[in-house]
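Scroll down for the structure; my scribbles are underneath it.
The values are calculated or read from the model by the stated rules, or taken from the named source; none is laboratory data. This is a predicted model, so every value here is computed, not measured. Note that each Cβ is placed from the backbone with ideal geometry, even for glycine, and that neighbours are counted across all protein chains shown.
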Amino acid sequence: MNLTELLSNHKEAFRQKFIEALAKKNSLPPEQAAVEFKDFIEQYVDEKYKSVKQLVDRINEVEKPVLLNIRRDRMREDKCKICETNEPNVRAIQKKYGNRIEFFEVIEDRQEGALYQIIFHEEAQEKKVPLTAVINRGELIKFWAGKTVDTGVYEIYINKALKKG
C-alpha cells in the first residue's frame, strides 16, 4: 500500500462527502454544488490535508525504513495505557537500529494525526492508539493499531525493508 495513494483516496472521499454536505445545505444537486463552490471546496480540502500531506511527503523522501508511531500526547491526563506500554518497545527499536531507520512520532489529536485515519481506514468508532507502522520508500509494509507490539515483530518487518534496500 502506497502512502501517497492512501492519502489521495482519503482526500477524494472527504471531498465527495464535503460536496454532498454543501449540496444538501444549499438545496442543490451535488454536481451543481461541485461546480458552484469549486474554488471553496478545493481551498478547504487542501487546507484540511496540508499538514498530513507535508508529513507524507517527508516520510516518502526518506531512503531508509521508517518506524511511524501515532500515539496519544504524553501530557494528557487521560493517558493511553497501551501507548505507554508500547513506548519501551519503540525506544528499543530506535536504539537498536539507530541511523539505519528513521523514526516519526505523531500525536494523534494534532492535524498530522489524521494520518491515523488514512492508514487505518476502517470505520472504527474510536481510535485504537497507538498506531505503529513500518514504511519503506513510501510503501506501507505493516501496521498495528491499539496494541503493544513486541520488538521482535517490529524487527521482522524492519529487516525485510532493510534487505530491499
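Quick look at the numbers
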| quantity | calculated |
| --- | --- |
| Subset of region 24-40 that is in a loop (DSSP other than H, G, I, E, B) and of a type outside the set (G, A, S) - its residue that is surrounded by the fewest Cβ atoms within 10 Å (Cβ to Cβ) | P29 |
| Flag if V52 is buried (at least 19 other Cβ atoms within 10 Å of the Cβ), touching a residue at least 24 places away in the same chain (Cβ under 8 Å), within 18 Å of the chain's Cα centre (by Cα) and outside the structural domain of E105 (by TED's automatic domain parsing) | yes |
| Test: A21 is loosely packed, with under 14 Cβ neighbours inside 10 Å, free of Cβ contacts under 8 Å to residues at least 24 places away in the same chain and either over 16 Å from the mean Cα position of the chain (by Cα) or not in a helix (DSSP H, G or I) (or both) | yes |
| Flag if K127 is of a type outside the set (V, I, T) and not in a helix (DSSP H, G or I) | yes |
| Considering residues of region 55-72 that are out of contact with any Ser or Thr (no Cβ under 9 Å at 6 or more places or on another chain) and either basic (K, R) or farther than 30 Å from N159 by Cα (or both) only, the residue surrounded by the fewest Cβ atoms within 10 Å (Cβ to Cβ) | R58 |
| Candidates E47, E84 - the one that is of a type outside the set (S, T, N, Q), assigned to a helix (DSSP H, G or I) and exposed (fewer than 12 other Cβ atoms within 10 Å of the Cβ) | E47 |
| Condition met for V134 (in contact (Cβ under 8 Å) with a residue 60 or more places away in the chain and in a loop (DSSP other than H, G, I, E, B)) | no |
| Any pair with Cβ under 8 angstrom, 6 or more apart, that starts in region 141-152 at a residue that is under 19 Å from M1 (Cβ atoms) and ends at one that is small (G, A, S) and assigned to a strand (DSSP E or B) | I141/A133; K142/A133; F143/A133; W144/A133 |
| Subset of region 92-151 [of a type in the set (D, E, K, R), under 19 Å from E61 (Cβ atoms) and within 11 Å of the chain's Cα centre (by Cα)] | E105, E112 |
